[in-house]
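Down below is the structure, laid out as structure tokens.
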């Protein structure tokens with residue numbers, strides 16, 4: 001019987017191979033622009049690896065993948081922060097360019113739209129989690145006050161849920177930086193993020209609270225400055241090779257020295273790796289595009305399902321292979337339904353895109 005870790009490896013290899021799309025039409029030079037298609041595909045790949053990372057923390061059935069997956073979760077999360085910063089820069093820029101919209105109105109509308117999108121996703125998954133725990137009689141010490149507290153603090157039962165909190169903080173930092181100075185918002189965002197990292201370090205918070213977040217302002221910097229530069233393929237190969245070697249060294253070094261420090265420094269080189277590879281090949285995959293579009297929903301759901309499966313009364317009756325299949329299948333199914341619901345609900349509350357398309361249409365007609 002083929003081991004599940006081998007099957008997983010084959011699937012991951014096929015997915016990775018399927019996303020590469022060589023840019024043969026432009027062999028000499030290539031833009032380093034991370035277009036929407038590429039970023040969504042890479043998000044899809046990253047969220048699958050994050051799910052495997054969390055799975056590896058509670059199950060030892062991934063064979064030779066166990067160690068690398070267990071230690072690299074911070075890197076996959078850094079990918080999300082990088083893409084988030086990259087996308088948020090352009091998103092905020094579009095909001096600020098809408099006719100008749102004042103600077104404060106643009107920043108506040110943008111912040112609340114993106115923050116509420118996260119919160120709507122969270123509330124849906126949170127309620128499903130509470131219901132499931134009660135039906136399975138695994139609610140434990142959950143009380144009305146603790147449930148309300150979790151809803152207010154964006155915290156799932158059994159998890160600190162640090163990522164949604166830090167993502168909202170990043171939205172806040174960027175929107176405030178925009179209000180202070182539109183031209184220098186990337187620099188202000190970087191300084192504020194470094195300041196947050198220093199505070200988190202001083203307060204001795206777990207490393208997950210600050211090791212990956214530095215990639216958010218780096219994503220903003222890439223969006224603000226890199227798209228206007230064209231690089232030769234030789235340059236991109238050199239950037240990829242150099243950044244990969246440095247990242248690999250720091251990744252290994254974290255095992256022997258200060259883990260939080262080396263992880264924080266190592267993720268700085270991930271944007272260079274991603275941008276250079278994208279500039280060389282580009283990415284395209286229908287499967288990973290679909291997964292990437294609901295990556296945040298998958299993030300929340302796989303934590304809920306994993307939390308349920310590791311309960312003592314359930315873990316003993318479900319083997320690790322079945323648990324992995326349940327996590328992946330339920331995350332994709334519930335994630336798709338939740339994503340569709342939240343997207344439509346958000347569009348009703350914030351019809352900004354519709355207005356933007358109408359303005360673009362009017363410009364074309366003019």
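The values are calculated or read from the model by the stated rules, or taken from the named source; none is laboratory data. Since we're looking at a predicted model, the values are computed, not measured. Every residue, glycine as well, gets a Cβ built from its backbone with ideal geometry; the counts of neighbours run over all protein chains shown.
Just for segment 238-253: of the residues that are in contact with a helix residue (DSSP H, G or I) (Cβ under 7 Å, 6 or more places away or on another chain) and surrounded by fewer than 20 Cβ atoms within 10 Å (Cβ to Cβ), which one is farthest from residue 40 (Cα to Cα)? So that I can check it myself, show each step before the final result.
Kept after step one, since they are in contact with a helix residue (DSSP H, G or I) (Cβ under 7 Å, 6 or more places away or on another chain), are these residues of segment 238-253: 239-240, 243-244, 246-247, 250-251, 253.
Next, only the ones that are surrounded by fewer than 20 Cβ atoms within 10 Å (Cβ to Cβ) stay: 240, 244, 246-247, 250-251, 253.
Working: 240: 20, 244: 22, 246: 26, 247: 23, 250: 27, 251: 25, 253: 31 Å.
Among them, the one singled out is 253.
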Given (1) modelled with pLDDT of 75 or more; (2) surrounded by 14 or more Cβ atoms within 10 Å (Cβ to Cβ), where does residue 346 come up short, assuming only one miss? (1)
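Yes/no per residue for (1) over 26 Å from residue 161 (Cα atoms); (2) at pLDDT 85 or above:
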{"site": "30", "(1), (2)": "yes, no"}
{"site": "41", "(1), (2)": "no, yes"}
{"site": "67", "(1), (2)": "no, no"}
{"site": "70", "(1), (2)": "no, no"}
{"site": "74", "(1), (2)": "no, yes"}
{"site": "85", "(1), (2)": "no, yes"}
{"site": "89", "(1), (2)": "no, yes"}
{"site": "95", "(1), (2)": "yes, no"}
{"site": "118", "(1), (2)": "no, yes"}
Checked segment 193-241 for anything within 27 Å of residue 280 (Cβ to Cβ), part of a loop (DSSP other than H, G, I, E, B) and either free of Cβ contacts under 8 Å to residues at least 40 places away in the same chain or more than 19 Å from the chain's Cα centre (by Cα) (or both); matches are 229
Would you be able to tell me the number of residues in segment 52-65 that are more than 20 Å from residue 332 (Cα to Cα), crowded, with 17+ Cβ neighbours inside 10 Å and either modelled with pLDDT of 75 or more or touching a strand residue (DSSP E or B) at 6+ places or on another chain (Cβ under 9 Å) (or both)? 1
Given the criteria surrounded by 17 or more Cβ atoms within 10 Å (Cβ to Cβ) and out of contact with any helix residue (DSSP H, G or I) (no Cβ under 6 Å at 6 or more places or on another chain), does residue 158 qualify? no
Please state which one of 81, 178, 120 is within 28 Å of residue 272 (Cβ to Cβ), in contact (Cβ under 8 Å) with a residue 60 or more places away in the chain and more than 15 Å from the chain's Cα centre (by Cα). 178
Consider residue 177 against the criteria (1) out of contact with any helix residue (DSSP H, G or I) (no Cβ under 7 Å at 6 or more places or on another chain); (2) assigned to a helix (DSSP H, G or I): it satisfies all of them except one. Which criterion is unmet? (1)
Which listed residue is part of a loop (DSSP other than H, G, I, E, B), farther than 22 Å from residue 172 by Cα and out of contact with any helix residue (DSSP H, G or I) (no Cβ under 6 Å at 6 or more places or on another chain), from 142, 148, 133, 127: 142
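So, restricting to helices (runs of 4 or more DSSP H) that lie completely within segment 242-330, which ones have at least 2 residues that are under 30 Å from residue 203 (Cβ atoms)? So that I can check it myself, show each step before the final result.
Working: elements: 259-266, 270-280, 286-293, 295-309, 312-315.
Fully inside segment 242-330 and qualifying: 259-266, 270-280, 295-309.
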Residue 190: passes all of (1) outside any loop (DSSP other than H, G, I, E, B); (2) exposed (fewer than 15 other Cβ atoms within 10 Å of the Cβ) but (2)
